[in-house]
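Participant: Just dropping this structure here.
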Amino acid sequence: MTRMDLGIEGRLAAVAAGSAGLGLGTARALVAAGVRVALCGRDESRLQDAVADLGEMAVPIVADVSTPEGATQFVADAVAALGGLDILVPNAGGPPPGNFASTPLDAYAPALDLNLLSVVAMCHAAVPAMVDQGWGRVVAITSATVRQPSPTLILSNTARAGATAFLKTLSSELVGTGVTVNSVQPGGHATARIAALGLDPADMADRVAAGTLGDADDFGAVCAFLCSEQARFITGAALPVDGGASKGLQ
């Protein structure tokens, strides 16, 4: 099968939480497109395994993006390691499950740091230079719960909805600068997040209209396309990649 030329060979990318799951799938797709990628993770051993898999186009950075300070430092370290930055993929694991009754008030601030303020911080650290150079791509990995909130993921619903609103607002401000801003909303994918939530993969697959869980590499290919030259006219989009699980029109 002939691979589509995305027109981004030689570009430089930072992929947060890229040592596993959807982040790793995205990093793999960008590397395949000829992009040099700095990826971060908290576990150095797992990060080194990911880089060994990706090859010489990948640069490991041990970082924790669960706070705005950590997220800002990751971008700074990526710029230093790569010599610049063209593509930013904000991403992080999800907060603990729970509903309104089971979730204490003090659990919200860490969740907002993890899934909202880390996104804002990474954009603050990366976007001004993209605007100055006249080209850039921000593709944030959020969640299908933004579109269809889960009754057992109130923290994720709340934080990621805020991140989506921020990204939409930012995209409008950057129209005409050469920098696009989009988000991708994964549904059920075969990653460690399912196990962390105590969910059964077979049961999850049964709930997806497609009848199967998503593949991290397929998801990564969608993110890579939004980073492409061909996607230059797409900005402000929040794209569901959920196998048809979301039932609403928007």
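Participant: Can you name the residue in region 129-149 that is of a type in the set (D, E, K, R) and surrounded by fewer than 24 Cβ atoms within 10 Å (Cβ to Cβ) and is also farthest from THR72 (Cα to Cα) among such residues? Before the answer, list the steps.
Facilitator: From region 129-149, those of a type in the set (D, E, K, R) are 132, 137, 147; that's our starting set.
Narrowing further to those that are surrounded by fewer than 24 Cβ atoms within 10 Å (Cβ to Cβ): 132, 147.
Values: ASP132: 19, ARG147: 27 Å.
Within region 129-149, the match that is farthest from THR72 (Cα to Cα) is ARG147.
Participant: Find all pairs meeting these conditions: Cβ atoms under 7 angstrom apart; at least six residues apart or on different chains; first residue within region 69-86 and at pLDDT 95 or above; second residue of a type in the set (Lys, Arg) and in a loop (DSSP other than H, G, I, E, B).
Facilitator: That search, which allows pairs on different chains as well, returns ASP86/ARG11.
Participant: Please work out which residue is modelled with the highest pLDDT, limiting yourself to region 32-56 and to residues that are surrounded by fewer than 16 Cβ atoms within 10 Å (Cβ to Cβ) and touching a helix residue (DSSP H, G or I) at 6+ places or on another chain (Cβ under 8 Å).
Facilitator: So the first thing to find is which residues in region 32-56 are surrounded by fewer than 16 Cβ atoms within 10 Å (Cβ to Cβ), and the list is 34, 42-46, 48, 52-53, 55-56.
When the remaining residues are screened for being touching a helix residue (DSSP H, G or I) at 6+ places or on another chain (Cβ under 8 Å), the result is 53, 55.
Numbers: ASP53: 94, GLY55: 97.
That would be GLY55.
Participant: Return the only residue of ALA159, ALA125 being in a helix (DSSP H, G or I), at pLDDT 95 or above and surrounded by 22 or more Cβ atoms within 10 Å (Cβ to Cβ). Let's see the steps before the verdict.
Facilitator: Details: ALA125 fails: surrounded by 22 or more Cβ atoms within 10 Å (Cβ to Cβ).
The match here is ALA159.
Participant: Limited to region 59-78, what total is found for residues that are within 18 Å of LEU112 (Cα to Cα), of a type in the set (D, E, K, R) and in contact with a Cys (Cβ under 9 Å, 6 or more places away or on another chain)?
Facilitator: Of the residues in region 59-78, 1 are within 18 Å of LEU112 (Cα to Cα), of a type in the set (D, E, K, R) and in contact with a Cys (Cβ under 9 Å, 6 or more places away or on another chain).
Participant: Consider PRO95 against the criteria (1) touching a residue at least 40 places away in the same chain (Cβ under 8 Å); (2) at positive phi: it satisfies all of them except one. Which criterion is unmet?
Facilitator: Of everything listed in (1) touching a residue at least 40 places away in the same chain (Cβ under 8 Å); (2) at positive phi, PRO95 misses just condition (2).
Participant: Can you confirm whether THR103 is in contact with a Ser or Thr (Cβ under 9 Å, 6 or more places away or on another chain) and either surrounded by fewer than 18 Cβ atoms within 10 Å (Cβ to Cβ) or modelled with pLDDT of 95 or more (or both)?
Facilitator: Values: in contact with a Ser or Thr (Cβ under 9 Å, 6 or more places away or on another chain): no; either surrounded by fewer than 18 Cβ atoms within 10 Å (Cβ to Cβ) or modelled with pLDDT of 95 or more (or both): yes.
No: the conditions fail for THR103.
The values are calculated or read from the model by the stated rules, or taken from the named source; none is laboratory data. Predicted model, so just to flag it, every value in this text is computed and none were measured. Neighbour counts are summed over all protein chains in view; Cβ atoms, including those assigned to glycine, are modelled from backbone coordinates with ideal geometry.
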